[in-house]
1. Where the only charges are on Cβ atoms (+1 Lys, Arg; -1 Asp, Glu), what is the dipole of the chain about its Cα centre, to the nearest 20 debye?
2. Let me have the 222 nm mean residue ellipticity of the chain computed from DSSP H runs of 4+ only, each contributing -39500 (n - 2.57), with the sum over all residues rounded to the nearest 500.
3. Tell me, what are the semi-axes, in whole angstrom and largest first, of the equivalent ellipsoid of segment 1-86 as set by the roots of 5 times the Cα gyration tensor eigenvalues?
4. So if I place +1 on the C-beta of Lys and Arg and -1 on the C-beta of Asp and Glu, and nothing else carries charge, what would the dipole magnitude of segment 94-224 be about its Cα centre? I want it in debye, nearest 20.
5. Just the projected area, averaged over all directions, of the convex hull on the alpha carbon atoms of segment 106-224: how many nm²?
6. So how long is each side of the chain along the principal axes, counting just the alpha-carbon atoms, biggest first, in Å?
7. Pull up the DSSP beta bridges for segment 144-224 and report the antiparallel fraction as a percent, rounded to 5.
8. How much of the DSSP bridge set in segment 78-224 is antiparallel, in percent, rounded to the nearest 5?
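A short reminder: the numbers here are calculations on the coordinates, not readings from a lab. Predicted model, so just to flag it, every value in this text is computed and none were measured. When we count neighbours, we look across all protein chains shown, and the Cβ atoms used for this are built from the backbone with ideal geometry, even at glycine.
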Amino acid sequence: MAILTVKNLSHHYQDGDMRRYVLKDINAAFEQGKFYAILGQSGSGKTTFLSLLGAMDTIQEGIIEIAGTSYAKYDANAIRRNLIGMVFQSYNLIDYMTAVENVLVAMSITERELPKDRRTVAYNLLDYLGITRTKADRLVTRLSGGEQQRVAIARALATNVDIILADEPTGNVDESTETEIIEIFKMLAHKHNKCVVVVTHSQTVANEADVILTLRKGGFTQNE
Ligand SMILES: Nc1ncnc2c1ncn2[C@@H]1O[C@H](COP(=O)(O)OP(=O)(O)OP(=O)(O)O)[C@@H](O)[C@H]1O
Ligand SMILES: [Mg+2]
């Protein structure tokens, strides 16, 4: 069963007197255990779509369901804190904190049940994603871009969510780092049964996905 279902989703922005539709009647379904890539030209609405999936924007028309329950039945904050992990192109970490503290922040605002020894869990998670103890204790600004993105992925996973959404997560890293980051996303989908949805301009990323969705005016086309 799909963990995320999108039904007849439309979204517009007001442009003076004009109502300009960025998304029009989008239907899609996302399952756990799969790695999805969303492609589309600049301005085709990818970030808008991901923001709606991540409850960072209010749904205007249509429905998004998470495990069969409409977002409308939830408080948007609760979705963001408890059900979904987000990863961004520019990492969006807290600069004056260490890597492990960034992960602990996500753990401190969730309402999910987490193990008692959060710090140990955070170190282990970072280590699993390739951030050693020494690096975990460093300010994130003292880490490379690729390392910062690993920390951001650890933060997204810290609350043990089933869904990871990423907006151009490899947009700021070189090709070999991109390959490493994609391997992490693939592992999360295939080994840890996460639903991973990645917006990208990179054909390399898309080639590794289980499903490619291309956003165009009027809806998705899908290749499996
Ligand atoms: N808050 C906003 N107010 C008005 N227009 C907006 C807003 N956010 C996005 N748009 C417009 O909606 C369209 C789609 O934007 P969006 O950021 O979703 O595209 P995108 O596919 O992510 O593009 P890119 O690949 O460049 O990141 C663009 O024309 C953009 O200018
Ligand atoms: Mg975008």
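1. Working: 24 positive and 27 negative charges, 71 e Å.
Its charge dipole is roughly 340 debye.
2. Working: 8 runs with 76 residues, N = 224.
Value at 222 nm, helices only: -10000 deg cm²/dmol.
3. 22, 15, 12
4. Details: 15 positive and 19 negative charges, 72 e Å.
The calculation lands at about 340 debye.
5. On the way: hull surface 34.7 nm².
With the hull built on Cα positions only, its mean projection is 8.7 nm².
6. 52, 38, 38
7. On the way: 5 of 10 bridges.
Once the DSSP bridges in segment 144-224 are tallied, antiparallel ones form about 50 percent.
8. Numbers: 6 of 16 bridges.
Taking every DSSP beta bridge with both residues in segment 78-224, the antiparallel ones total about 40 percent.
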